[in-house]
Amino acid sequence: MDHTPRALPPYLEELRDLSSAMGVTKSLLVGSALRDADNGIPVTSYSLYMLPTREIPTHKAIEIFIKESGPGSRLMRSFNNKPRHEVRMATGQIANINFCHEAWMLEAETIVNRVPNGLSAVAMDLFTGEIKRTELYMLDRNEGVITQAVPSHDLGNLVALSVQKRYPTYPIMADGNKQVLYPPLKSVALA
């Protein structure tokens, strides 16, 4: 579904320009930055999914991202078992850069339906500006919960638990039966 967020995260133009400089043909911003900006929380990280080209190998693309991000940008870590890299940008935010090698994986509508929790099921194509989300995203946002999608790729609920750190008054719920998997970290103060 199309989505018009209440607010957009900062640095979108810069991320689009960095994606272009890296030579990627598709670049999606998924989850955290869009979710946090939409909910009025400061953005601390960006999850980017990119389709690389044969002309620029992924290790070279990461070097370009770091160089073009500005002084002080650095590679924090790379993952041996998957094409993922974490870069601390000069702005202080973390960019989680994931390279996908099949174009079908990088359709906004497809990727939001693979996100393991409802509150993160929102994506933006950096080149077209198109934003997609699931119904579960809106339900979670409006109800103040984090619904764990079933089946979940989030083994041990690690992603949901990290989202809950940013949203400590939100319980983590099981999709389907709405059973509370984890209670809120903090209770909501009543007015």
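The values are calculated or read from the model by the stated rules, or taken from the named source; none is laboratory data. Keep in mind it's a predicted model, so treat the numbers as computed, not measured. With ideal geometry, Cβ positions are generated from the backbone for all residues, glycine too; neighbour counts draw on all protein chains shown.
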Might you check whether a residue that is part of a helix (DSSP H, G or I) and over 29 Å from Met22 (Cα atoms) occurs anywhere in the range 100-108? no
What helices (runs of 4 or more DSSP H) completely inside the range 1-74 contain at least 2 residues that are basic (Lys, Arg)? 58-69
Is at least one residue of the range 91-103 among the charged types (D, E, K, R) and surrounded by fewer than 17 Cβ atoms within 10 Å (Cβ to Cβ)? yes
Please work out which residue is modelled with the highest pLDDT, limiting yourself to the range 135-163 and to residues that are over 9 Å from Leu119 (Cβ atoms) and surrounded by 20 or more Cβ atoms within 10 Å (Cβ to Cβ). Gln148
Take Thr53 and tell me if it is in contact with a Gly (Cβ under 6 Å, 6 or more places away or on another chain) and over 28 Å from Arg141 (Cα atoms). yes
Look through the range 114-134, keep the residues that are within 13 Å of the chain's Cα centre (by Cα) and free of Cβ contacts under 8 Å to residues at least 60 places away in the same chain, and return whichever of them is surrounded by the fewest Cβ atoms within 10 Å (Cβ to Cβ). Arg114
Can you tell me which residue among Glu130, Glu107 is acidic (Asp, Glu), out of contact with any Asp or Glu (no Cβ under 7 Å at 6 or more places or on another chain) and modelled with pLDDT of 90 or more? Glu130
If I go through the range 54-100 residue by residue, how many of them are over 17 Å from Val43 (Cβ atoms), touching a Lys or Arg at 6+ places or on another chain (Cβ under 6 Å) and of a type in the set (Lys, Arg)? 1
Starting from the range 90-107, keep only residues that are farther than 18 Å from Leu34 by Cβ, then list their pairs with residues that are polar (S, T, N, Q) and in a helix (DSSP H, G or I) whose Cβ atoms are within a distance under 7 Å, requiring at least 6 positions of separation or different chains. Ala90/Ser69; Phe99/Thr58; Trp104/Thr110
